[in-house]
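Enquirer: One structure follows; several queries about it will come next.
The values are calculated or read from the model by the stated rules, or taken from the named source; none is laboratory data. All figures in this text were calculated on a predicted structure; none of them were measured in a lab. No Cβ is skipped: glycine too gets one built from the backbone with ideal geometry, and neighbour counts run over all protein chains shown.
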Amino acid sequence: MVSSVQSSNITQQVVPTPPPPRRADDRAKSDLWIFREGRREVSGPAMLRDLVRRLESADSLLDCLIQAGELESALTDLNTPAAPAAARLTDALAVRLCTGDANSGIDPNQLAGQIEAPETISISPPEGFTYYALHPLDFARVTDRIADHPAACAVIGVRSIGTTLSAVTTAALNMRGRAATRITVRPSGHPYARRTELSPEQECRIAEQLTQSAQFLVVDEGPGRSGSTFLSVVEALGRLGVPRERITIVGSREFDSGGLCAENAAERWQGLHYVCTAPSVSSRFLNFPYIGGGDWRMYFCGAEQEWPESWTQMERLKFLSPDRRQFFKFEGMGPRGREVRERAFALASAGFSPAVFDAGDGFLSYTAVEGRHLRKQDVSPSLLEQIARYCSFRASECTHAATHNSELGQMLEFNVQQEFGRDLKLEPGQLTSAIPLLADGRMQPYEWILSREGKLFKTDAISHGDNHFFPGPCGIAWDLAGTVVEWELDAQATEFLLSKFRQFSGTQISQQFLKDYMLAYCVFRLGFCKMATSTVAGSREECRLESAYRNYRAKAEQLLASRSIE
């Protein structure tokens with residue numbers, strides 16, 4: 001999160017995420033809406049052409065597999081005739097990844113030529129590959145812990161990421177001499193109360209596999225906060241007569257079923273066999289200090305009483321080189337990872353961020369800058385001018401081409417009602433931007449470093465505007481608002497910032513528009529800190545997050561009060 005350091009596991013969904021409803025589970029009642037819908041609409045033919053180009057150029061096999069899984073998920077969601085061909089392509093790439101043989105199996109280029117993609121498809125980031133350093137081969141390695149009797153395996157992947165994971169799991173089982181086939185499903189409904197419906201064709205396949213005494217493997221990256229996705233698939237199998245003892249769930253993290261938010265989760269989970277993968281991508285950093293989970297503050301933020309708050313469970317993997325000259329941060333695999341790397345290189349090339357290099361497996365290597373992190377009292381005209389210049393650069397170079405329906409307004413209205421008991425009615429499109437971009441999202445003073453040579457660098461500038469939290473694609477006003485809030489700028493300093501931004505970008509941001517974004521920013525941050533607090537009860541981090549929550553809440557109250565006066 002700092003010093004060039006640059007994050008919930010939520011399950012995938014087809015429809016926009018609804019605001020959390022009132023629930024019986026007390027742990028979930030006070031949840032605010034901080035996770036956004038990550039789906040976006042893209043050109044199907046363009047995505048297919050891009051994948052074919054990468055296959056023909058022998059691009060990263062891992063990235064091609066992840067992209068093929070995304071394409072298969074999208075086509076299967078639409079139930080298009082091309083979905084089976086897309087599945088065969090994913091399977092072929094999974095075989096190559098598992099065997100390490102670039103020439104094994106069916107030619108992927110030939111399979112790609114059999115796919116016809118619709119003009120528009122909806123895709124969402126496979127979060128484990130994009131945010132959590134989950135390597136597909138982790139699911140291949142775990143197959144040696146799957147009981148080998150019976151030999152037949154019916155693999156069920158949970159879309160979206162479960163598409164790729166199921167293909168890898170199936171390929172690995174087949175390599176071990178197991179008779180394995182796969183299908184994928186898309187649970188629907190609220191994230192805390194998913195339900196899985198199987199198609200008639202899938203029901204027939206499961207019935208056939210039941211007669212063959214197959215073992216059923218349910219594969220996904222979770223369980224998430226609720227556990228309801230895995231449970232919904234298990235219960236759908238149960239409705240078809242699959243005994244629970246024949247079901248094995250394969251996920252990516254250990255968990256306590258008593259802490260899951262789905263209704264009666266612990267009781268519903270009882271008796272299920274669960275196998276957890278072991279993370280592998282960080283194995284080459286065994287001799288490097290780990291600086292994820294908030295530990296970066298020990299190296300970069302001085303005395304502990306000065307540390308900023310952190311939702312430690314949501315942080316990316318980070319490692320510091322033994323000589324402390326480089327640090328490595330996981331920024332994502334697959335298509336989203338490529339986009340992040342390109343953004344990082346552009347910011348470094350423009351001189352806004354420290355030098356950065358591709359370190360493989362979704363990691364970037366950042367040059368550690370010798371200098372000091374700034375504080376609120378460091379604000380000055382020259383600093384604000386550089387921030388305005390930086391925001392202008394992002395406004396022109398970090399635009400977002402994919403179709404995206406912003407949920408910022410809905411988030412703000414819901415959270416204000418939930419937190420303050422007040423009905424806030426925004427005009428349609430009040431927080432939308434004609435030219436959406438990927439904001440920085442982290443404009444806090446400690447995210448800026450003044451080097452020993454007097455050069456100002458922006459750190460942690462790559463991922464926060466496009467992860468699974470808000471804001472997502474939005475206007476540059478999000479970063480300008482974040483600057484005003486985090487640096488506690490007065491009216492004069494705010495006007496100076498806006499005037500400099502107008503000078504560099506040619507874009508006028510009105511004070512009222514900025515205030516709307518400031519309110520949205522504060523309400524999101526208070527929700528973020530509030531939910532994070534519930535995950536670190538009894539720790540020092542809880543105090544920091546509680547303090548930050550109250551600070552953002554007070555600022556939001558002031559902004560709401562000013563709206564009433566106006």
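Enquirer: Looking at the stretch 280-307, which of its residues are in a helix (DSSP H, G or I), among the charged types (D, E, K, R) and surrounded by 14 or more Cβ atoms within 10 Å (Cβ to Cβ)?
Expert: Within the stretch 280-307, the first condition is being in a helix (DSSP H, G or I), and the residues that meet it are 281-285, 296-300, 304-306.
Checking the rest, the ones that are also among the charged types (D, E, K, R) come to 284, 297, 304, 306.
Listed by number, the residues that qualify are Arg284, Arg297.
Enquirer: Any residue in the stretch 526-540 that is more than 20 Å from Glu486 (Cα to Cα) sitting within a Cβ distance under 7 Å of a residue that is in a helix (DSSP H, G or I)? List the pairs, counting only those 6 or more apart or interchain.
Expert: Thr535/Gln313; Val536/Thr312; Val536/Glu542; Val536/Leu545
Enquirer: If you go through the stretch 403-420 one residue at a time, do you hit one that is among the acidic types (Asp, Glu) and in contact with a Gly (Cβ under 8 Å, 6 or more places away or on another chain)?
Expert: There is at least one residue in the stretch 403-420 that is among the acidic types (Asp, Glu) and in contact with a Gly (Cβ under 8 Å, 6 or more places away or on another chain).
Enquirer: May I pose another question? If Lys29 passes every condition in (1) modelled with pLDDT under 95; (2) in contact with a Ser or Thr (Cβ under 9 Å, 6 or more places away or on another chain) but one, which one does it miss?
Expert: Just one mismatch for Lys29, condition (2).
Enquirer: Within the stretch 395-421, work out how many residues are part of a helix (DSSP H, G or I), polar (S, T, N, Q) and farther than 26 Å from Ser349 by Cα. Before the answer, list the steps.
Expert: Pass one, the stretch 395-421, residues part of a helix (DSSP H, G or I): 395-397, 408-420.
Narrowing further to those that are polar (S, T, N, Q): 396, 410, 415, 417-418.
Then drop every residue that is not farther than 26 Å from Ser349 by Cα, which leaves 410, 415, 417-418.
Looking only at that region, the number is 4.
Enquirer: Find the residue count for the stretch 532-566, including only residues that are within 17 Å of Leu32 (Cα to Cα), surrounded by fewer than 18 Cβ atoms within 10 Å (Cβ to Cβ) and either β-branched (Val, Ile, Thr) or in contact with an Asp or Glu (Cβ under 6 Å, 6 or more places away or on another chain) (or both).
Expert: Qualifying residue count, the stretch 532-566: 1.
Enquirer: With Gly465, Gly475, Gly421, Gly482 as the choices, which residue is at positive phi and small (Gly, Ala, Ser)?
Expert: Gly421
Enquirer: Okay, next question. For the stretch 321-334, name all the residues that are of a type outside the set (Gly, Ala, Ser) and buried (at least 24 other Cβ atoms within 10 Å of the Cβ).
Expert: Passing the criteria: Phe327, Phe328, Lys329, Phe330, Glu331, Met333.
Enquirer: Which residues, counting only those in the stretch 241-256, are hydroxyl-bearing (Ser, Thr, Tyr) and over 23 Å from the mean Cα position of the chain (by Cα)?
Expert: Result: Thr248, single match.
Enquirer: Further, regarding this structure: Taking Leu489 and the conditions (1) modelled with pLDDT of 95 or more; (2) in a loop (DSSP other than H, G, I, E, B); (3) hydrophobic (A, V, I, L, M, F, W, C); (4) touching a helix residue (DSSP H, G or I) at 6+ places or on another chain (Cβ under 6 Å), which numbered condition does it fall short on, given that it satisfies the others?
Expert: (4)
Enquirer: Hey, another quick one. Based on what the data block shows, is Thr277 over 20 Å from the mean Cα position of the chain (by Cα), under 21 Å from Thr229 (Cβ atoms), surrounded by 15 or more Cβ atoms within 10 Å (Cβ to Cβ) and of a type in the set (S, T, N, Q)? Break it down into steps so the answer makes sense when it comes.
Expert: Values: over 20 Å from the mean Cα position of the chain (by Cα): no; under 21 Å from Thr229 (Cβ atoms): yes; surrounded by 15 or more Cβ atoms within 10 Å (Cβ to Cβ): yes; of a type in the set (S, T, N, Q): yes.
Answer is no for this residue.
Enquirer: Across the stretch 143-162, which residue is nearest to Leu71 (Cα to Cα) among those that are in contact with a Leu (Cβ under 9 Å, 6 or more places away or on another chain) and in a helix (DSSP H, G or I)?
Expert: Ile161
Enquirer: Further question: Does Phe513 fit the bill of being assigned by TED's automatic domain parsing to the domain that holds Gly294, buried (at least 24 other Cβ atoms within 10 Å of the Cβ), within 25 Å of Cys398 (Cβ to Cβ) and not aliphatic (A, V, I, L, M)?
Expert: Judged against the criteria, Phe513 is not a match.
Enquirer: So, Ala193, is that one in the same structural domain as Pro243 (by TED's automatic domain parsing), assigned to a helix (DSSP H, G or I), in contact with a Ser or Thr (Cβ under 7 Å, 6 or more places away or on another chain) and among the small types (Gly, Ala, Ser) or not?
Expert: No, not satisfied.
Enquirer: Between residues in the stretch 544-566 that are small (Gly, Ala, Ser) and residues that are modelled with pLDDT of 95 or more and not in a helix (DSSP H, G or I), which pairs lie under 9 Å by C-beta distance while being six or more apart or on different chains?
Expert: From the stretch 544-566, the pairs are Ser547/Glu309; Ala548/Pro308; Ala548/Glu309.
Enquirer: Related question: Name the residue, out of Gly482, Gly441, that is at pLDDT 95 or above, part of a loop (DSSP other than H, G, I, E, B), in the same structural domain as Ala388 (by TED's automatic domain parsing) and among the small types (Gly, Ala, Ser).
Expert: On inspection, the qualifying residue turns out to be Gly441.
Enquirer: Could you tell me which residue of the stretch 32-65 is modelled with the lowest pLDDT, considering only residues that are touching a His at 6+ places or on another chain (Cβ under 6 Å) and not charged (D, E, K, R)?
Expert: Start the filter on the stretch 32-65 by keeping residues that are touching a His at 6+ places or on another chain (Cβ under 6 Å), which leaves 35, 38, 40.
Going one step further and asking which of them are not charged (D, E, K, R), we end up with 35, 38.
Working: Phe35: 91, Gly38: 83.
Of everything passing the filter in the stretch 32-65, Gly38 is modelled with the lowest pLDDT.
Enquirer: Can you tell me which of (1) basic (Lys, Arg); (2) over 29 Å from Gly421 (Cβ atoms); (3) buried (at least 23 other Cβ atoms within 10 Å of the Cβ) is the one Lys500 doesn't meet?
Expert: Among (1) basic (Lys, Arg); (2) over 29 Å from Gly421 (Cβ atoms); (3) buried (at least 23 other Cβ atoms within 10 Å of the Cβ), the lone unmet condition for Lys500 is (3).
Enquirer: Among the helices (runs of 4 or more DSSP H) contained in the stretch 68-141, which hold 3 or more residues that are charged (D, E, K, R)? Even if it seems obvious, please write down each step before you answer.
Expert: Numbers: elements: 83-99, 108-112, 127-130, 137-141.
Hits in the stretch 68-141: 83-99.
Enquirer: For the stretch 427-478, enumerate the residues that are of a type in the set (Phe, Trp, Tyr) and under 17 Å from Phe513 (Cβ atoms).
Expert: Within the stretch 427-478, the subset of a type in the set (Phe, Trp, Tyr) is 446, 448, 457, 469-470, 478.
Result: Trp478, single match.
Enquirer: Let me ask another. Report, by residue number, each residue of the stretch 221-258 that is within 23 Å of Phe35 (Cα to Cα) and of a type in the set (Gly, Ala, Ser).
Expert: Gly222, Gly224, Ser226, Gly227, Ser228, Ser232, Gly251, Ser252, Ser257, Gly258
Enquirer: Does Arg268 fit the bill of being closer than 29 Å to Ile34 by Cβ and charged (D, E, K, R)?
Expert: When the stated conditions are applied, Arg268 passes them.
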